[in-house]
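For reference, the structure discussed in these notes is given below.
Just so it is clear, none of the values below were taken in a lab; they were calculated from the coordinates. None of these values were measured; they are calculated from a predicted model. Note that each Cβ is placed from the backbone with ideal geometry, even for glycine, and that neighbours are counted across all protein chains shown.
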Amino acid sequence: MANVVRAALVQAKWTGDKESMIKNAVAAIHQAGDQGAQVTCLQEIFYGPYFCQVQDAAYYDYAEPMPDGPTIALMCDLAKETDQVLIVPIYEEEQTGVYYNTAAVIDADGRYLGKHRKNHIPQVGGFWEKYYFKPGNLGYPTFDTAVGRIGVYICYERHFPEGWRALGLGGAKIVFNPSATSRGLSEYLWKLEQPAAAVANEYYVGAINRVGIEPLGDDDFYGQSYFVDPRGQFVGDVASDTADEVLVRDLDMDLLREVRHTWQFYRDRRPDSYDALTTP
């Protein structure tokens, strides 16, 4: 019998307020569950606009404690109700004035397992993230869930190969990359970097992006969410570049063993020769 995980990604447009974004995400998670999804990942800071297009302290109000805030409490209940593992990216408040770009991992029984805080923070035109986020300080954790061990790598981090490898060394079989990325600056990399990371690290990657033009800027978020297997091949079609979508795909987990027995990248690593990589 095949060892298959049915996994889902949710890409969505900004609806105008936090409450409706949460309502729509709840509906999307139910939709994924109705299609048999066992694990679902939402997009980067799923309940907000991508406010990093501007620098405005008013958006600090979007931050919530984790796991004690209302959104994660709601998602824990929803995970248990739908019997799904959930990856829930929000704006985290550690204390007043200390905020992180964070994703919670919740098991299918509703237990909060932990979080990944975005380590790599961009500061370029239209992506003023250092204004809002402190760099993560939790490393690259992996989480044992009902669908196996998973990892999270948020948006801009996908440009850095070291974290992808750290997640693989941590035993991740699926890595989710929730993002907010727009046309022009890096769209040509979208279907290049994550497949390359999946091949180099021999696991599945779920790449999620939002869609639409938001009121804070002219950037067009281009969607195109997808799953890619450890051979670098897309699992089914890539999602729309303009429309909300719940993308559900079957991931053949037996393929991981087959690929790792063919390409022995973990066996043939030479960490003794990589000292220069950690020299500032």
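Things to note:
- Electrostatic tally near Asp220: other residues with Cβ closer than 12 Å to its Cβ, Lys and Arg +1, Asp and Glu -1, net -2.
- Nearest-20 debye value, the chain charge dipole, Cβ charges on Lys, Arg, Asp, Glu: 780
- Surrounding net charge for Val124, when Lys and Arg each add one and Asp and Glu each subtract one, Cβ distance under 13 Å: -1
- On full extension, the segment bounded by Gln123 and Glu187 gains 21.3 nm, given 0.36 nm per residue less the C-alpha separation.
- Per-residue [θ]222 nm for the chain (sum of -39500 (n - 2.57) over DSSP H runs n ≥ 4, rounded to 500): -7000 deg cm²/dmol
- Anchor Lys18: aspartates and glutamates whose Cα lies under 14 Å away (excluding residues fewer than 8 positions away in-chain): Glu44, Asp61, Glu64, Glu214
- Residues in the stretch 128-154 reached by a label modelled at Tyr266 [backbone nitrogen below 13 Å; 7 Å Cα→Cβ]: 149-150
- Taking 1.002 mPa s as the viscosity and 20 °C as the temperature, the Stokes-Einstein diffusion coefficient of the chain based on its alpha-carbon Kirkwood radius rounds to 114 µm²/s.
- Antiparallel content of DSSP bridges confined to the chain, in %, to 5: 70
- Centre separation in Å (Cα based) which lies between the stretch 17-36 and the stretch 206-270: 20
- Mean separation of Cα pairs under 8 Å and 6 or more residues apart, divided by the residue count, gives the chain a relative contact order of 19 percent.
- In the chain, a dipole from Cβ-located charges (positive for Lys and Arg, negative for Asp and Glu) runs towards its positive end, and of Pro230, Thr278, Gly33 it is Thr278 whose Cα lies farthest in that direction.
- Annotation: amide H of Tyr91 within the under-5 Å range of Glu64, sequence separation 5 or more or interchain, hydrogens built in the peptide plane.
- On the principal axes of its alpha-carbon atoms, the stretch 1-90 has extents of 53, 25, 20 Å, going from largest to smallest.
- Think of the stretch 4-267 as a dipole: +1 on every Lys or Arg Cβ, -1 on every Asp or Glu Cβ, centred on the Cα centre; then among Ile45, His159, Leu247, His159 lies furthest on the positive end.
- Residue among Gly217, Gln11, Ile121 farthest towards the positive dipole end of the chain, charges placed on Cβ: Ile121
- For the stretch 119-209, a/c is not less than 1.5, where a ≥ b ≥ c are the root eigenvalues of the C-alpha gyration tensor, and a/b does not top b/c. That puts it in the oblate class.
- Net length available on complete extension from Glu258 to Val4 is 90.0 nm, with 0.36 nm assigned per residue and the Cα-Cα distance removed.
- Cβ-defined net charge surrounding Lys80, 11 Å radius [Lys, Arg +1; Asp, Glu -1]: -4
- Estimated vicinal HN-Hα couplings, Hz - the stretch 21-29 in sequence order (Karplus 6.51, -1.76, 1.60; Gly, Pro = x): 5, 5, 4, 5, 5, 4, 4, 5, 5
- Taking other C-beta atoms within 10 Å as the exposure proxy, Ile213, Ile72, Ile174 rank Ile213, Ile72, Ile174 from fewest upward.
- Radius ratio Rg over Rh of the stretch 174-216, counting only Cα atoms, Kirkwood formula for Rh: 1.04
- Computed as a quarter of the hull surface, the mean projected area of the alpha carbon convex hull for the stretch 55-175 stands at 7.4 nm².
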